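Chemist: After the structure tokens below, expect a handful of questions from me.
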Amino acid sequence: MSDAETFDYIIVGAGSAGCVLANRLTASGRHRVLLLEAGGHDRHFWIHVPLGYGKLFNDARVNWLYKSEPEPELDHRQIIQPRGKVLGGSSSINGLLYIRGQADDYDHWRQLGNAGWSFDDVLPYFRRAEDQERGADALHGAGGPLSVSDVCEPHPLCEAFIAAVQEAGLPRNDDFNGPAQEGAGYFQYTARKGLRRSTARGYLRQARGRPNLKVVTNALATRIVMEGRRAVGIEYRRGDEKHVATAGREVLLAGGAFNSPQLMQLSGLGPAALLQQHGIAVVADLPGVGADLQDHLQVRFQYRCTEPITMNDVIHSWRHRTLAGLRYFATRKGLLAIGAGYAGAFLRTGPQVATPDVQLHFLIFSADTAGAALHTFPGFIVSVCQLRPESRGFVHIKSADPRDPPAIQPRYLTSPADRDTLLAGMRLLQRIMRQPAMRRYVAEEYAPPASVTSDADLMAYARKTSTTVFHPTSTCRMGTDPTAVVDERLRVRGIARLRVVDASIMPALVSGNTNAGTVMIGEKGADMILQDAAE
Ligand SMILES: Cc1cc2nc3c(=O)[nH]c(=O)nc-3n(C[C@H](O)[C@H](O)[C@H](O)COP(=O)(O)OP(=O)(O)OC[C@H]3O[C@@H](n4cnc5c(N)ncnc54)[C@H](O)[C@@H]3O)c2cc1C
């Protein structure tokens, strides 16, 4: 083992939150920071082209390629769980959609006892992060490291979808991060001039030249070094070499919702019985570490299109593909500039809910599964997900070897309320897709077929085909109750000099895609760390 180098802060994970921390903590020049990343540099071509996210689902060079345990309510299927393993983390491989969630989500966090996390409290951090192409206003920021831009052009299918939502009596919405989330419209992307803006590009790049930041890639953190109940450093591996680094001030975990609890458990911080089962000495019995896993589950409805205007038609035509490529390289526009959704909607399944409880993603291509080859016929997809699931799962180590993936089980749909909302969401989706504006583009309801009409059959379809929206959170949940892992300043309860700053601290999943919220957590976390250092 090489001699320990000493830093003020050690950050584990250069993902959505970790890159924000690395930038903000080194800005003053006063603190020496080590950033450890298990993956490599973000040089992969398809990271930067928005459409390329579909090529990264199965690419072990940039992806941990996790899978869930068999899911009890999903016909015991194992659900893919991609996670970025590269500078930028999942912000380098995600679908680029920029959605903060609802103001009520954060007010709910505050109501759960987390002082400082109401929407009014977190809004300045969203604004600070953002470089909104439409300019700054009371709800948006401009000039920040995270570029947010509009889709480059409208598409006839998206126009039809938005019109169909209106025909169904529901509103249009041109800003899902505006005063109200409800309605249908185009998504905005974390992109700039047609290129992905991960946190590695937005935050880390700016900080890389600072002499007080050391970034080590291909470095797997294997254990938090503890002195009693105090974190004092990190052990990590690069290939076969073992290293140790010492943190004079704090160790900051930003490994994401699967890896942060895994590293804590490997270090003796977790449910005592689980640690003992794997021969790990218990430093602190923290039953909440790895508990409360939440995720969004989506059901995808596939349609055959009446006209050859979908991405399927471009991808399967040599001529159109070449033209799309040339256009993208000349103008950064066109199909290659599209992320994981083009248009979408946030809707209420009925008058019993005050704010949207389902999200629809509209995509101008179709494929049997995420990341699979596109259909050879013209096709498109609309998916529905329930926004605030009640089901809770877990992340548990399977062995004491840090290289072994943990057991991941979101336990999707185990709450009856989640099944009811998903069913109501599927019914709403069908109602929208059968409106006149959309009907002219539907040659066939491909999957589920129109013959699937009963509630039981629709639920059977969901169990057989549904998959993740890639939003795991809450496995090191912030709160005040006995199983909460971190307090409202993100300090691990009962342990000194250790914080978790990533999506795993969310007290509850937000009503939307989770990257924006995680960047906000990085911004607010950095502020709190710097305030505490100044005292
Ligand atoms: C395929 C996909 C599509 C998505 N689409 C969207 C979308 O369109 N919009 C949206 O808002 N959200 C989306 N998300 C979710 C969003 O990207 C994540 O919620 C967010 O990036 C989580 O940030 P994080 O900082 O918690 O973790 P991550 O960004 O995953 O970062 C964790 C980092 O830590 C590193 N790491 C982990 N363990 C160790 C270790 N032991 N040692 C060293 N390094 C370690 C990892 O390699 C990784 O780089 C998507 C996610 C995926 C995977």
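The values are calculated or read from the model by the stated rules, or taken from the named source; none is laboratory data. What you see is a predicted model; the values in this text were computed from it and never measured. Here the Cβ positions follow ideal geometry from the backbone for every residue, glycine too, while neighbour counts run over all protein chains shown. Only protein heavy atoms, including side chains, enter the accessible area calculation; ligands, DNA and RNA are left aside. Shrake-Rupley method; radii C 1.70, N 1.55, O 1.52, S 1.80 Å.
Chemist: Any idea what Rg and Dmax come out to for the stretch 449-490 if you just take the C-alpha atoms, in Å?
Modeler: 18.7, 53
Chemist: Please report the spacing between the Cα centers of the stretch 326-403 and the stretch 490-535 in Å, no decimals.
Modeler: 25 Å
Chemist: On to the next question. Compute the Rg/Rh shape ratio of the stretch 312-408: radius of gyration over Kirkwood radius, all on alpha-carbon atoms.
Modeler: Details: Rg = 19.5 Å, Rh = 17.2 Å.
Reported Rg/Rh, Kirkwood definition of Rh: 1.14.
Chemist: With θ set to phi - 60° and the Karplus curve 6.51 cos²θ - 1.76 cosθ + 1.60, what are the ³J(HN,Hα) couplings of the stretch 490-497 in order, to the nearest whole Hz, using x for Gly and Pro?
Modeler: With the stated coefficients, the stretch 490-497 comes to 6, 7, 5, 5, x, 10, 8, 6 Hz.
Chemist: Something else about it: Just for the Cα atoms in the stretch 433-535, what are the lengths along the principal axes, largest first, rounded to whole Å?
Modeler: Cα extents, longest axis first: 65, 29, 16 Å.
Chemist: May I ask for the net charge around Ala354, where only other residues with Cβ less than 14 Å from the Cβ of Ala354 are counted and Lys, Arg are +1 while Asp, Glu are -1?
Modeler: On the way: positive: Arg348, Arg388; negative: Asp104, Asp105, Asp107, Glu182, Asp357.
Summing Lys and Arg as +1 and Asp and Glu as -1 gives -3.
Chemist: Over the stretch 238-395, with a single point scatterer placed on each C-alpha, what log10 of the ratio I(q)/I(0) does the Debye formula yield at q = 0.12, 0.15, 0.17, 0.18 1/Å?
Modeler: Reported log10 I(q)/I(0), two decimals: -0.83, -0.93, -1.01, -1.06.
Chemist: Quick one: grab the alpha carbon gyration tensor of the stretch 67-221, order the square roots of its eigenvalues as a ≥ b ≥ c, and give me rounded if a/c is under 1.5, else prolate or oblate depending on whether a/b is larger than b/c.
Modeler: Working: a/c = 1.42, a/b = 1.21, b/c = 1.18.
Here the stretch 67-221 falls in the rounded category.
Chemist: I've got another one for you. Determine the equivalent ellipsoid of the stretch 347-451 by diagonalising the alpha-carbon gyration tensor, then write out the semi-axes as square roots of 5 times the eigenvalues, largest first, rounded to whole Å. Walk me through the numbers before you get to the answer.
Modeler: Values: eigenvalues 199, 97, 21 Å².
Working from the Cα gyration tensor, I get semi-axes of 32, 22, 10 Å.
Chemist: Looking at this model, which pairs from Lys464/Lys524; Lys214/Lys398; Lys85/Lys193; Lys85/Lys524 are more than 28 angstrom apart at the alpha-carbon?
Modeler: Details: Lys464/Lys524 40 Å; Lys214/Lys398 32 Å; Lys85/Lys193 25 Å; Lys85/Lys524 24 Å.
Pairs exceeding the cut-off: Lys464/Lys524; Lys214/Lys398.
Chemist: Before anything else, pin down the relative contact order of the chain: Cα pairs under 8 Å, at least 6 apart, normalised by residue count, whole percent. Mind dumping the intermediate values first?
Modeler: Details: 1341 pairs, mean separation 119.6, N = 535.
Reported relative contact order: 22 percent.
Chemist: Which value in Å does the Kirkwood hydrodynamic radius of the stretch 314-360 take, with 1/r averaged over all unlike C-alpha pairs and then inverted?
Modeler: Values: mean 1/r = 0.0751 Å⁻¹.
This gives a value of 13.3 Å.
Chemist: Also: Would you grab the residues whose amide H sits under 5 Å from the one on Arg77? Only those 5+ places off in sequence or on another chain, please, with H modelled 1.01 Å from N.
Modeler: Placed amide hydrogens put Glu71 under 5 Å from Arg77.
Chemist: What is the Cα coordinate range of the stretch 287-368 on the first, second and third principal axes, sorted by size from largest, in whole angstrom?
Modeler: Between the extreme Cα coordinates on each principal axis of the stretch 287-368 lie 54, 35, 26 Å.
Chemist: Hey, another quick one. Which three lengths, in whole Å and largest first, does the stretch 99-143 cover when its Cα atoms are put on their principal axes?
Modeler: Each principal axis gives a Cα extent; for the stretch 99-143 these are 34, 15, 14 Å.
Chemist: Also, quick follow-up: Once the other residues with Cβ under 13 Å from the Cβ of Pro82 are scored (Lys, Arg +1; Asp, Glu -1), what is the net sum? Intermediate values should be presented prior to the final figure.
Modeler: Values: positive: Lys55, Arg61, Lys67, Arg83, Lys85; negative: Asp59, Asp295.
Surrounding charge for Pro82 is +3.
Chemist: Taking θ = phi - 60°, what integer Hz values does the Karplus form 6.51 cos²θ - 1.76 cosθ + 1.60 yield along the stretch 505-518, in sequence order, with x for Gly and Pro?
Modeler: 8, 4, x, 8, 4, 8, 7, x, 6, 9, 5, 4, x, 6
Chemist: Still on this model: Grab the eigenvalues of the alpha-carbon gyration tensor for the chain, scale each by 5, take roots, and send me the semi-axes largest first in whole angstrom. Don't skip to the end; give the middle numbers.
Modeler: Details: eigenvalues 283, 125, 96 Å².
Square roots of five times the eigenvalues give 38, 25, 22 Å.
Chemist: Carbon and sulfur together cover what percent of the accessible area of the stretch 151-277 at a 1.4 Å probe radius?
Modeler: Working: 2180 of 4790 Å².
Ligands and nucleic acids excluded, carbon and sulfur give 45 percent.
Chemist: At most 15 other Cβ atoms within 10 Å and a DSSP loop assignment: could you name the trypsin sites (Lys or Arg not before Pro) in the stretch 207-300 that fit?
Modeler: Numbers: sites: Arg208, Lys214, Arg223, Arg229, Arg230, Arg237, Arg238, Lys242, Arg249, Arg300; in loops: Arg208, Arg229.
Here the trypsin sites (Lys or Arg not before Pro) that fit, given the DSSP loop and packing criteria, are Arg208, Arg229.
Chemist: Another question, if that's okay. Going by amide H atoms built from the backbone, whose H comes under 5 Å of the H on Gln188, apart from near neighbours?
Modeler: Tyr98
Chemist: Which cross-chain or sequence-distant (5 or more) residues have an amide H under 5 Å from the amide H of Gly233, H modelled 1.01 Å from N in plane?
Modeler: Long-range HN contacts for Gly233: Val225, Ala247.
Chemist: For the stretch 141-154, in order, what is each residue's ³J(HN,Hα) by Karplus, 6.51 cos²θ - 1.76 cosθ + 1.60 with θ = phi - 60°, in whole Hz (x at glycine and Pro)?
Modeler: Result, rounded to whole Hz: x, 10, x, x, x, 9, 5, 10, 9, 6, 4, 6, 7, x.
Chemist: Let me ask something else about it. Going by accessible area, probe 1.4 Å, with all protein chains left in place, what is the ranking of Ser198, Ser90, largest first? All intermediate terms of the calculation are to be shown ahead of the outcome.
Modeler: Details: Ser198 0, Ser90 30 Å².
Descending order: Ser90, Ser198.
Chemist: Could you provide, to the nearest whole Å², the per residue accessible area of the stretch 368-501 with probe 1.4 Å?
Modeler: Values: 5150 Å² over 134 residues.
For the stretch 368-501, the per-residue accessible area is 38 Å².
Chemist: Averaging the inverse of every distinct alpha carbon separation and then flipping it gives the Kirkwood radius. What is it for the stretch 132-257, in angstrom units? Walk me through the numbers before you get to the answer.
Modeler: Numbers: mean 1/r = 0.0527 Å⁻¹.
Result for the stretch 132-257 stands at 19.0 Å.
Chemist: Mind computing the radius of gyration and Dmax over the alpha-carbon atoms of the stretch 1-129? Å is fine for both.
Modeler: Gyration radius and largest Cα-Cα distance of the stretch 1-129: 18.2, 54 Å.
Chemist: Right, something else. If you look at just the Cα atoms of the stretch 193-299, how large are its Rg and its Dmax in Å?
Modeler: Both quantities, over Cα of the stretch 193-299: 16.9, 52 Å.
Chemist: Turning to a different aspect of this structure: How much of the accessible area of the stretch 388-458, in percent, comes from carbon and sulfur atoms when a 1.4 Å probe is used? Working shown, then result.
Modeler: On the way: 1580 of 3200 Å².
Exposed carbon and sulfur together represent 49 percent of the surface.
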